[in-house]
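What follows is one structure encoded as structure tokens, with my remarks underneath.
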Amino acid sequence: MKNSDSKITAVIVLIYLSAVMLFIFFGNGNDRTGIYVGSCRKSYCISVSDVMDGSYMEYLTERAASRLPARSRMIAADSRLKSAMNESIVNGVCVDSSMLLDAEVSDRGSTTKNARIINEFCGNYKGAVYFAAIPTSSGVYESRLPEYMRKNPESLQISSFYGELEGNIREIDAYNILKMLNENYIYYRNDTRWTSYGAYCVYRTVIQKLGFSPVAYDKYTIDHVVDDFRGNLYARTFYSRVRPDIIDIYRYPEGSGIISCTAYDNDMKSFAGKLYDKSFIDSGDMYDMYLGEKRPLIRIRTTVNNERRLLVIKDSFADCFIPFLTQHYSEIDIADPAYMEGSISNFVDPDYYEQILFLFGIDSMDDENLFDVLANTPEERSAE
């Protein structure tokens, strides 16, 4: 009888484990809260080198951990327990009653490789290049972090990165603009990224550097699209005592309109794009409402009649920033290296544009592979 019970137990355990494994590897990556808890930006294609250097196993481990059933409940319980014990750090996030902050801000790697690639890329370009390195919320509100976590503040990380840039690249100081305005709602409480108002504050300086006058704040009408946004820091803690965030759309009724917004995949197949895609309000990351589904290239044509063309090379910080630029250029192309395969020259010709704007969060700049798509330009390939 005992042997029969053991077999039944073994079968039940096997069925449960099989169900868990199927959920992990074939689930959509959304926890029951609706918050996406994975961090992989591209669909993963296995290669021999990935297996040999361990990166594929790291991907599998991350994927498995992010899809464990009841994961959000376990993390939320742990967050509440640590908070009750006056422990301020939960899963790499500094927790207090008003704001969540990334506590791993001082542990970032070198930016030297990316700076070198950017220098080489811009060295082959004849127009004007601008770089705006944007601090995360931890950089602007670093005084709220424990003192031992301030040994390498983002202000120094940005200065160090700018010191590695060469040639005709013009640096834009977003840090001091945002630091000066830190009493305002310029960053989300549950996410590392800035709000649309934070983006607007930096836009006023950026657009003047690019040669235009900014649109006055009182010219915009502001739509509060959602008031329950929980971002990437909440996804690491599920700490619900911090107020959820508001996502806004800034509209300029008297301004220029959009003629077309076209997105392209890595085969240059085109899709209808949108500046604001409200279908993402019900997705794992509401912030994806800005520019919609992630694509390597988006082309925007406006009713501005000045034949000015801008190439923006960016990460997600730029997504809520781009709409402000549409009042000044007849053509804007937006390249996202994180979703681009091959060389950027397969998608755009940099010399077609009068100006290039790089806009990245400083937390992206130590990603060693992020700018590889800029490295193999036609000039470099012909020299090899």
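Read the figures in this text as sums done on the coordinates, not as results from a lab. As the structure is a prediction and not an experimental result, all values here were calculated from the model. Every residue, glycine as well, gets a Cβ built from its backbone with ideal geometry; the counts of neighbours run over all protein chains shown.
Protection proxy ranking for 197-206, 173-182, using the average of other Cβ atoms within 10 Å per residue and placing the highest first: 197-206, 173-182.
Distance between the pseudo-spin-label points of N369 and S160 (7 Å out from Cα toward the beta carbon): 2.3 nm. Ranked for footprinting exposure by Cβ neighbours inside 10 Å, fewest first, V215, V225 give V225, V215.
Summing +1 for each Lys or Arg and -1 for each Asp or Glu among the other residues whose beta-carbon sits under 11 angstrom from that of E307 gives 0. Exposure proxy for H224, H328: other Cβ atoms within 10 Å of each Cβ, ordered fewest to most, give H224, H328. If only the Cβ of Lys and Arg carry +1 and only the Cβ of Asp and Glu carry -1, the dipole of the range 93-383 around its Cα centre is close to 540 debye. Neighbours of E331 by Cβ distance under 9 Å: Lys/Arg scored +1, Asp/Glu scored -1, total +2.
Note on R243 and S256: their simple-model spin labels are 3.6 nm apart, each label 7 Å out from Cα toward Cβ. Remark on V93: its backbone amide H falls under 5 Å from those of A103, a criterion applied only to residues 5 or more positions apart or on other chains, H modelled at 1.01 Å from N. With the simple model of a label 7 Å out from the Cα in the direction of the Cβ, R301 to N168 spans 2.7 nm. Candidates G257, F324, L359 compared by Cα position along the dipole of the range 255-384: farthest toward the positive end lies G257, with charges placed on Cβ. The order of T326, T111, going from fewest to most other C-beta atoms within 10 Å of their C-beta, is T326, T111. Taking Lys and Arg as +1 and Asp and Glu as -1, the other residues whose beta-carbon sits under 9 Å from that of L359 total 0.
Sort out for me the Cα centre separation of the range 353-372 from the range 169-221, rounded to whole Å. First find each Cα centre; the distance between them is then 18 Å. The R309 and I222 beta-carbon pair, evaluated with R₀ = 25 Å, returns a calculated FRET efficiency of approximately 0.30.
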